[in-house]
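Derivation of every value follows stated rules applied to the coordinates shown; laboratory data play no part. None of the values given here were measured: they were computed from a predicted structure. Cβ placement follows ideal geometry from the backbone for every residue including glycine, while neighbour counts extend to all protein chains displayed.
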Amino acid sequence: MRKQDEFQRKMISACLVCLLCFLVYACGKKQDAMEKIKDLEYTVIAEDNIPKELLAKIEEKKENTFRLTFEDQGFLYICMGYGTQQTGGYSIAVNALYETANAVYIDTNLIGPSPEEKKNQVKSYPFVVVKTEFLDKPVVFE
């Protein structure tokens, strides 16, 4: 009976070692999938140059925070809207746009108005549209 117990313990130990090796390998692969391959070239598009179909979608969603992607003629348009703001004078910075093995990542942030601009009490709907080469990968908004 002792030989059988010892055999079972060795098998359990071997299975645990295999599981541990798999987890270490899998976690390493996940990190590689999130690793930047390259920065992407992009252009911030002025409102009058946004494709009409995309502009209509933005108009529908602009009062709330939104994230959109749109593909047209070999280009990928990535849009981030920050919803209704109580004043004008806001701008949006694109901090990063890059490709990984599994996705395209974009990082933006809203920049508030200067104290002088806060006097303008007209609601605004800040958003940014970035145009880049089309990549058949999901977009991750950071």
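Data overview
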{"quantity": "Above-threshold pairs, the threshold being 19 Å between Cα atoms, out of Lys62/Lys137; Lys62/Lys123; Lys57/Lys131; Lys38/Lys61; Lys38/Lys62; Lys38/Lys131", "calculated": "Lys62/Lys137; Lys38/Lys61; Lys38/Lys62"}
{"quantity": "Net charge, Asn95 excluded, C-beta distance under 9 Å - Lys, Arg +1, Asp, Glu -1", "calculated": "-2"}
{"quantity": "Within the range 38-96: Cβ-based charge dipole about Cα centre, in debye rounded to nearest 20 (Lys, Arg +1; Asp, Glu -1)", "calculated": "200"}
{"quantity": "Normalised contact order of the range 36-141, rounded percent, pairs of Cα under 8 Å and 6 or more residues apart", "calculated": "36"}
